[in-house]
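Asks: Sharing a structure below in structure tokens format, with a few things to ask.
The values are calculated or read from the model by the stated rules, or taken from the named source; none is laboratory data. Quantities reported herein were computed from a predicted structural model and do not represent experimental measurements. Every residue, glycine among them, receives a Cβ derived from its backbone with ideal geometry; neighbour counts consider all protein chains shown.
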């Protein structure tokens, strides 16, 4: 298993997201080449992938943001291909993201997970994430795209 940070986007990466995104969201939407390029262009975001025998089997996006209270990070879109689950891929991705966040000086790393994702929630707590007593709100500009 090898973890890499994506620095260039190509059609094979788009194809990978076409396969992986429905496993996370339950719908067929996936990012275009241009959308993926925008994610990595800012420098505040990193897409990490796990490869096994040259094939991407998992991905995670780590986003940094600076606010008056300090540098913080957010983990998004943790996806492990269903064929590779149970092999420690998600653990490796998250631990890698935590190390990168620590090295960049982030004060904390947040993530969210739907309650129905029982195995994912158990994993996050096992790694050391603490469930927060907080209300999380979201505003949708496009009410049709609620993922």
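Asks: Could you give me the residue pairs with C-beta distances under 8 Å whose first residue belongs to the range 81-94 and is in contact (Cβ under 8 Å) with a residue 40 or more places away in the chain, whose second residue is surrounded by fewer than 17 Cβ atoms within 10 Å (Cβ to Cβ) and assigned to a loop (DSSP other than H, G, I, E, B) wherever it lies, and which are 6+ apart or on separate chains?
Replies: Here the result reads 87/1; 88/1; 89/1; 92/1, each pair linking the range 81-94 to a residue that is surrounded by fewer than 17 Cβ atoms within 10 Å (Cβ to Cβ) and assigned to a loop (DSSP other than H, G, I, E, B).
Asks: Turning to a different aspect of this structure: Looking at residue 20, is it touching a strand residue (DSSP E or B) at 6+ places or on another chain (Cβ under 7 Å), farther than 28 Å from residue 105 by Cβ and touching a residue at least 12 places away in the same chain (Cβ under 8 Å)?
Replies: Criteria met by residue 20.
Asks: Within the range 26-80, track down each residue that is farther than 29 Å from residue 119 by Cβ and in contact (Cβ under 8 Å) with a residue 12 or more places away in the chain. Lay out the reasoning, then the answer.
Replies: Pass one, the range 26-80, residues farther than 29 Å from residue 119 by Cβ: 32-34, 37-38, 41-44, 66-71.
Within the range 26-80, 32, 33, 37, 44, 69, 70, 71 meet the criteria.
Asks: Now for a different question. Looking at the range 118-147, I want the residues that are surrounded by 11 or more Cβ atoms within 10 Å (Cβ to Cβ) and have a partner that is part of a loop (DSSP other than H, G, I, E, B) and modelled with pLDDT of 90 or more with Cβ atoms under 6 Å, at least 6 apart or on another chain. Which pairs are those?
Replies: 120/113; 121/113
Asks: Tell me, which residue of the range 2-34 that is over 16 Å from the mean Cα position of the chain (by Cα) and part of a helix (DSSP H, G or I) is nearest to residue 85 (Cα to Cα)?
Replies: Taking the candidates together, the pick is 15.
Asks: Could you check the range 53-110 and list, in sequence order, the residues that are under 10 Å from the mean Cα position of the chain (by Cα), within 22 Å of residue 19 (Cβ to Cβ) and surrounded by fewer than 21 Cβ atoms within 10 Å (Cβ to Cβ)?
Replies: 61, 76, 77
Asks: Quick check on my filter: what residues within the range 77-109 are in contact with a strand residue (DSSP E or B) (Cβ under 9 Å, 6 or more places away or on another chain), assigned to a helix (DSSP H, G or I) and within 14 Å of residue 3 (Cα to Cα)?
Replies: 89, 90, 92, 93, 94, 96, 97, 98, 100, listed by residue number.
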